[in-house]
Amino acid sequence: MPLVKRLAAECLGTSWLVLGGCGSAVLAAGFPEVGIGLLGVSLAFGLTVLTMAYAIGHVSGCHLNPAVSLGLFFGGRFPAKDLAPYVAAQVLGAVAGAAVLYVIASGAPGFDVQAGFASNGFGEHSPAGFGLLAALAAEIVLTFMFLIVILGSTHGAAPKGFAPIAIGLCLTLIHLISIPVTNTSVNPARSTGVAVFVGDWAMGQLWLFWVAPLVGAALAGLVYRWLGGPQPAPVAVTGEA
């Protein structure tokens, strides 16, 4: 598949991830009486990955996440030459998705982007007040486990066709665990997309949501490369967040 088509798919898929996942938090989580809450937001993030994995997995592998691309590289599944273009496409898609969300959300009376806009944070900007060390540990460990699931479910010896389900459910579980801690990142592009619109504290704390997921993903790639053996994944199901 030509690189330009793969990059377009990554951009489109990441915009859907941000619009669907962050949009559920901004527009629907606290809606009076019928708000979807933490459970609904967690499921929404998982569903964005699940739907895109089937839609564009055969085009780009459906990474939608710089940490996933890096983890696949360290796992021997992704070429170094495509890493920077993929990351750029993912960040661009995340900003585009956040822009659409901003246009929609700003149509509501009393909308205030400084209230959070589904941004990730720690300390006073953590939903439950978790500090820097807790946020760092959560993002590293949960991204590590996310990549273990991705690398395992897309291994050439894994059952065929089920990887998107496992990956989507894993991302749902990760959100169920860590929304109270950091609002859940495990994805630097997702964090950047909304932080651009919040500015201020969100941009100031964004470094953690790049460093921690990338560290966790790189470690997972190295570990699974040893654990799972050399058999590569089929390109069509290398997908996920």
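Numerical summary
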item	result
The stretch 159-175 residues that are open to solvent by less than 20 Å² (accessible area, probe 1.4 Å), paired with ones that are assigned to a loop (DSSP other than H, G, I, E, B) and among the charged types (D, E, K, R) (beta carbon under 6 Å, 6 or more apart)	167/240
Helices (runs of 4 or more DSSP H) within the stretch 1-94 that include 3 or more residues of a type in the set (Val, Ile, Thr)	37-60
In the stretch 109-135, the residues that are open to solvent by 50 Å² or more (accessible area, probe 1.4 Å), among the aliphatic types (A, V, I, L, M) and either without any contact (Cβ under 8 Å) to a residue 24 or more places away in the chain or not in a loop (DSSP other than H, G, I, E, B) (or both)	115, 132, 133
The stretch 201-212: number of residues that are farther than 17 Å from residue 184 by Cβ and either buried (at least 24 other Cβ atoms within 10 Å of the Cβ) or of a type in the set (D, E, K, R) (or both)	0
Residue 149 touching a residue at least 12 places away in the same chain (Cβ under 8 Å), assigned to a helix (DSSP H, G or I), of a type in the set (A, V, I, L, M, F, W, C) and open to solvent by 20 Å² or more (accessible area, probe 1.4 Å)	yes
Selection status of residue 154, under 17 Å from residue 211 (Cα atoms) and buried (at least 23 other Cβ atoms within 10 Å of the Cβ)	no
Unique match (being in contact (Cβ under 8 Å) with a residue 12 or more places away in the chain, closer than 20 Å to residue 74 by Cβ and either among the aliphatic types (A, V, I, L, M) or surrounded by fewer than 24 Cβ atoms within 10 Å (Cβ to Cβ) (or both)) among 215, 198, 181	215
Only listed residue being touching a helix residue (DSSP H, G or I) at 6+ places or on another chain (Cβ under 7 Å) and over 16 Å from residue 22 (Cβ atoms), chosen from 91, 113, 87	87
Single match in 127, 159 (criterion: within 22 Å of residue 52 (Cα to Cα) and more than 15 Å from the chain's Cα centre (by Cα))	159
Of all residues making up the stretch 100-133, the number that are farther than 27 Å from residue 177 by Cα and in contact with a Gly (Cβ under 9 Å, 6 or more places away or on another chain)	2
Among the residues listed as 25, 9, the single one being modelled with pLDDT under 95 and surrounded by 17 or more Cβ atoms within 10 Å (Cβ to Cβ)	25
Every residue from the stretch 166-216 that is of a type in the set (Gly, Ala, Ser) and over 12 Å from the mean Cα position of the chain (by Cα)	166, 178, 195, 199, 202, 204, 212, 216
Count of residues meeting criterion [modelled with pLDDT of 95 or more and either more than 18 Å from residue 193 (Cβ to Cβ) or among the basic types (Lys, Arg) (or both)] in the stretch 102-123	2
Pair list, Cβ < 6 Å and 6+ apart or interchain, from the stretch 1-25 residues that are within 30 Å of residue 180 (Cα to Cα) to residues that are surrounded by fewer than 20 Cβ atoms within 10 Å (Cβ to Cβ)	11/92; 15/96; 19/100
Answer from 57, 35, 30 - the residue that is at pLDDT below 95, surrounded by fewer than 17 Cβ atoms within 10 Å (Cβ to Cβ), in contact with a helix residue (DSSP H, G or I) (Cβ under 7 Å, 6 or more places away or on another chain) and not hydroxyl-bearing (Ser, Thr, Tyr)	35
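The values are calculated or read from the model by the stated rules, or taken from the named source; none is laboratory data. Quick caveat, the model's predicted, so the values are computed rather than measured. Ideal geometry is used to build each Cβ from the backbone, glycine not excepted, and the neighbour counts take in all protein chains shown. Side chains are part of the model used for accessible areas, which takes the heavy atoms of the whole protein and leaves out ligands, DNA and RNA. Shrake-Rupley method; radii C 1.70, N 1.55, O 1.52, S 1.80 Å.
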